[in-house]
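Asks: Just passing along the structure, written as structure tokens.
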Amino acid sequence: MTMLLSLMLAAATPVPDATPPMPQDLGSVPVIDGWLGRKISPRWSDDIARLYRRGECSGAVNHEGSQLLEIDMLFLLSGDGKPLKIAPVNARCPEVEKFVSSRILGTLRGSFPKDGAAEPHWMRSQVRFLWSDAP
């Protein structure tokens, strides 16, 4: 077999995608115990409230006279704890999704567990925001 033919065959052979598909059932995804983002995210509530009011958003619920927004988060992580993909599951607000994802990548990039896995895997957690619309 010539070198050119070998290269052509190699290029034509499909390579399986190593990225696992996004899970559809959150209950099947392991939770990141004690994730720092769950503790820090309430500090971003004022920013989230501004974005939420400006956008066409839904999902916040009344909680003791304030607005509570809980967003389930999926993270595709490498074995060394690097986030390969961040997916806010139920944000229902593109501006909030973008803000939360970029804030996590910017300030919490090193907060994910390192398990040494050879393949990327999904894990989950939640971020919470609480604000008041009272005058």
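What follows is calculated from the coordinates using simple rules that are stated; it is not laboratory data. Just so it is clear, the model here is predicted, and its values are computed rather than measured. Cβ sites come from the backbone with ideal geometry, for glycine too, and all protein chains shown count toward neighbours.
Asks: If I take every Cα pair under 8 Å that is 6 or more residues apart in the chain, average their sequence separation and divide by the length, what percent do I get for the relative contact order?
Replies: Here the relative contact order equals 36 percent.
Asks: Can you sort I32, I104, I48 by how many other beta carbons sit within 10 Å, fewest first? Mind dumping the intermediate values first?
Replies: Values: I32 19, I104 23, I48 28.
Neighbour counts put them in this order, fewest first: I32, I104, I48.
Asks: Along the Cα→Cβ direction, 7 angstrom out, place labels at V89 and S58. What is the inter-label distance in nm?
Replies: It is 1.9 nm.
Asks: Run the numbers for K39 and K82: contour at 0.36 nm per residue of separation, minus the present Cα-Cα distance, in nm.
Replies: 13.5 nm
Asks: Label T107 and L26 with points 7 Å out from Cα along Cα→Cβ: what is the distance between them in nm?
Replies: 2.2
Asks: Going by a ≥ b ≥ c, the root eigenvalues of the Cα gyration tensor, does segment 34-131 fall in the rounded group (a/c under 1.5), the prolate group (a/b larger than b/c) or the oblate group?
Replies: prolate
Asks: Give me R103, R53 sorted ascending by neighbouring Cβ count inside 10 Å, so fewest comes first. Please report the intermediate quantities before stating the final value.
Replies: Numbers: R103 18, R53 11.
So the residues, fewest neighbours to most, are R53, R103.
Asks: Let me ask another. Among 79-87, 120-128, what's the highest-first ranking by average C-beta atoms within 10 angstrom per residue?
Replies: Averaged packing, sorted descending, gives the order 120-128, 79-87.
Asks: Output the antiparallel fraction of DSSP beta bridges having both residues in the chain, as a percent to the nearest 5.
Replies: 95
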